[in-house]
1. Kindly check whether there is at least one residue in region 209-219 that is among the hydroxyl-bearing types (S, T, Y) and either outside any loop (DSSP other than H, G, I, E, B) or surrounded by 15 or more Cβ atoms within 10 Å (Cβ to Cβ) (or both).
2. For region 196-204, check the following and say yes or no: at least one residue is in contact with a strand residue (DSSP E or B) (Cβ under 6 Å, 6 or more places away or on another chain), part of a helix (DSSP H, G or I), closer than 25 Å to C52 by Cβ and in contact (Cβ under 8 Å) with a residue 24 or more places away in the chain.
3. Quick test of your reading of the structure: S27 fulfils all but one of (1) part of a loop (DSSP other than H, G, I, E, B); (2) more than 19 Å from D235 (Cβ to Cβ); (3) out of contact with any strand residue (DSSP E or B) (no Cβ under 7 Å at 6 or more places or on another chain); (4) in contact (Cβ under 8 Å) with a residue 12 or more places away in the chain. Name the failing condition by number.
4. Would you tally the residues in region 229-252 being polar (S, T, N, Q) and either surrounded by 17 or more Cβ atoms within 10 Å (Cβ to Cβ) or within 17 Å of the chain's Cα centre (by Cα) (or both)?
5. Pairs needed: first member in region 124-143, over 22 Å from I44 (Cβ atoms); second member anywhere, surrounded by 15 or more Cβ atoms within 10 Å (Cβ to Cβ) and among the β-branched types (V, I, T); C-beta distance under 6 Å; at least 6 residues apart or different chains.
6. What's the total number of residues in region 1-34 that are surrounded by fewer than 24 Cβ atoms within 10 Å (Cβ to Cβ) and in contact with a His (Cβ under 9 Å, 6 or more places away or on another chain)?
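Please treat every number below as a calculation from the coordinates, not as lab data. Quantities reported herein were computed from a predicted structural model and do not represent experimental measurements. So basically every Cβ, Gly included, is an ideal-geometry build from the backbone, and we count neighbours across all protein chains shown.
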Amino acid sequence: MNKTVFIGDSHACGYTVDTNRIPTYWSQNNYAEIYAELFDTEVIVYGLPGGCNRKYPTWVKTILDYYDDIDTIFLQSTYWNRYLTAINTSQEQFINDFKPNYFSLGPNVGVAGDNIKKNVDRWIDVKVKPGEDYGELNQSQNKEHYVNRKSLTWDPYGIDFSPVEEKYYYTKLWHELFTHLQYRDYCQDLFTIDRLCEQRNIKWHLWSMNNRVFVPTNPYYYGEFTNCQTYNLVDFRQWMLQNKNIDIDTDKYRSDQEHYIYSIHQTIAKEYIPYLKNAKICL
């Protein structure tokens, strides 16, 4: 039986917060594991709360190196205000060799007392391994960084930016994440994923949870895709509005300000994912 891969952020790994505000993973509100149960199929889930798009090519590479029976990949695009930072405490100033699965933990991860499903392989990343020299951390901007545009001043008569003393977060937001650099990196990541899938003759789908996730209409900066079957055909929130007349971004359907209740994940697994899988090629 060929396996289906789901790659995403907290929505893909059953993120919940208990009464003490302590986050837990691999809870029931997990569309990937619901899909495995509904369709009695083998599923691989690679997810991380707060995960960013920049992680995804490495995750795809890790999964394809580990398994040789992948059929389809569903890639849940996430927010562009998320990014990676890293640390290198080794004696090497520059890194010239690094394994894609360095931060990977899988295929059978869970929480204490958790019943890991027999037809589901769970993968997640760790920030740093004890005793190792390298670390990798997902980060994002807070609301206050969006309030006022605090950016470098452009000198129209010169070739440089004027000196500025600003926090790293502001510089990152206004001079990378909201510029062509982020667009270019996003296109590069998707192009890499497409080539990895082309090598194995694997179809992949890109989708987003809601319209707060920005997905560019033209992702072909580095060239056309060969193995992407559907590219953000319609985000899930819009699909629910069109087909169910339901707005998932209301308190009735959310477990918190970002995450959704079990029935919403069930609809993703039972109807939305098959909708993407059975759609004609749409790029």
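1. Step one: list which residues in region 209-219 are among the hydroxyl-bearing types (S, T, Y), which gives 217.
Checking the rest, the ones that are also either outside any loop (DSSP other than H, G, I, E, B) or surrounded by 15 or more Cβ atoms within 10 Å (Cβ to Cβ) (or both) come to none.
No, region 209-219 contains no residue that is among the hydroxyl-bearing types (S, T, Y) and either outside any loop (DSSP other than H, G, I, E, B) or surrounded by 15 or more Cβ atoms within 10 Å (Cβ to Cβ) (or both).
2. The first filter runs over region 196-204 and keeps only residues in contact with a strand residue (DSSP E or B) (Cβ under 6 Å, 6 or more places away or on another chain), leaving 197, 202-204.
Within this subset, residues satisfying the condition of being part of a helix (DSSP H, G or I) are 197.
Filter again for closer than 25 Å to C52 by Cβ, leaving 197.
Now drop any that are not in contact (Cβ under 8 Å) with a residue 24 or more places away in the chain, which leaves 197.
Yes: one or more hits.
3. Against the list (1) part of a loop (DSSP other than H, G, I, E, B); (2) more than 19 Å from D235 (Cβ to Cβ); (3) out of contact with any strand residue (DSSP E or B) (no Cβ under 7 Å at 6 or more places or on another chain); (4) in contact (Cβ under 8 Å) with a residue 12 or more places away in the chain, S27 comes up short only on (3).
4. Taking region 229-252 as the starting set, the residues that turn out to be polar (S, T, N, Q) are 229-230, 232, 238, 242-243, 245, 250.
When the remaining residues are screened for being either surrounded by 17 or more Cβ atoms within 10 Å (Cβ to Cβ) or within 17 Å of the chain's Cα centre (by Cα) (or both), the result is 229-230, 232.
Count: 3.
5. From region 124-143, the pairs are G135/V128.
6. Number of matching residues: 7.
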